[in-house]
Amino acid sequence: MRVLLVEDEKKVASFIKKGLEEHGYAVDYGSDGKSGLVMALDEIHDLIILDINLPEIDGLTVLRQMRAKKVATPVLLLTVRATIEDKVIGLDTGADDYLAKPFSFEELLARVRALLRRSSDSKSPVFTVADLVLDPASRQVFRGSDRIELTSKEFAILEYFIRNRGRVLTRTMIIDHVWGYDFDADTNVVDVYVNYLRKKIDAPYEPKLLHTVRGTGYVLREE
């Protein structure tokens, strides 16, 4: 799952981003409303965590413009404003949930899961390639009748592959999606994790689904 975080307080943003990534989410980050709106409009995210008090453009304006452009991505608003009136305004503007600062990460994570589950339920979220099945809402993976246990990073990579089945993904694309653009692109971490995945989802089964495209990257497809 790919999350967009728009938050100008660096410590808060770092806290949220690190925590979500540790739970297997890919996180894009914007530090002001203007950049956040641009990223929100590309519609590649499964969820947006949006602070209200942002420089350039405030969060409610970002949200209002998103909804005017028919962007239906679920939005969790973050703010120090905690009155009933503020919550009503935020929800009426188009937010799906509202969390007042300060908050515990566990509560944030629970709200993220709930919003993603709600969104996934309306989108028939289960993905399949041959007998490989991935359910983003429950975070379960099956090959045939066998349930496959994956780490959070393995799940994030496999979900990226299965959402882009048949498309060749370069190592840089995978690093950017799973680890973030500031990760060392020269590392062999992608090859290491793809090898982990192959041992779990491919080695004991037929047909093989995860293929190397020499000199380019990898692709998930049935041949």
Which of (1) in contact with a Pro (Cβ under 8 Å, 6 or more places away or on another chain); (2) more than 24 Å from Arg113 (Cα to Cα) does Ala137 not meet, given it meets every other one?
(2)
Yes/no for Asp92 being at pLDDT below 95, in the same structural domain as Ile44 (by TED's automatic domain parsing) and under 20 Å from the mean Cα position of the chain (by Cα):
no
Quick one: Lys70 ticks every box in (1) free of Cβ contacts under 8 Å to residues at least 40 places away in the same chain; (2) over 16 Å from Glu9 (Cβ atoms); (3) not in a loop (DSSP other than H, G, I, E, B); (4) not small (Gly, Ala, Ser) bar one, so which box is it?
(3)
Close pairs from region 143-155: first in contact (Cβ under 8 Å) with a residue 40 or more places away in the chain, partner assigned to a strand (DSSP E or B), Cβ under 6 Å, at least 6 apart
Arg143/Leu132; Ile148/Val141; Leu150/Val141
Identify, please: which residue in region 115-147 is of a type in the set (A, V, I, L, M) and at pLDDT 90 or above and is, among those, farthest from the chain's Cα centre (by Cα)?
Ala130
Could you tell me whether Ile57 is without any contact (Cβ under 8 Å) to a residue 60 or more places away in the chain and out of contact with any strand residue (DSSP E or B) (no Cβ under 6 Å at 6 or more places or on another chain)?
yes
Among the residues of region 78-112, what is the count of those that are closer than 18 Å to Arg67 by Cα, part of a loop (DSSP other than H, G, I, E, B) and either free of Cβ contacts under 8 Å to residues at least 12 places away in the same chain or not acidic (Asp, Glu) (or both)?
2
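The values are calculated or read from the model by the stated rules, or taken from the named source; none is laboratory data. Bear in mind that the values here come from a model prediction, so they are computed numbers and not experimental data. Methodologically, a virtual Cβ is constructed for each residue, glycine included, from the backbone with ideal geometry; neighbour enumeration extends over all protein chains shown.
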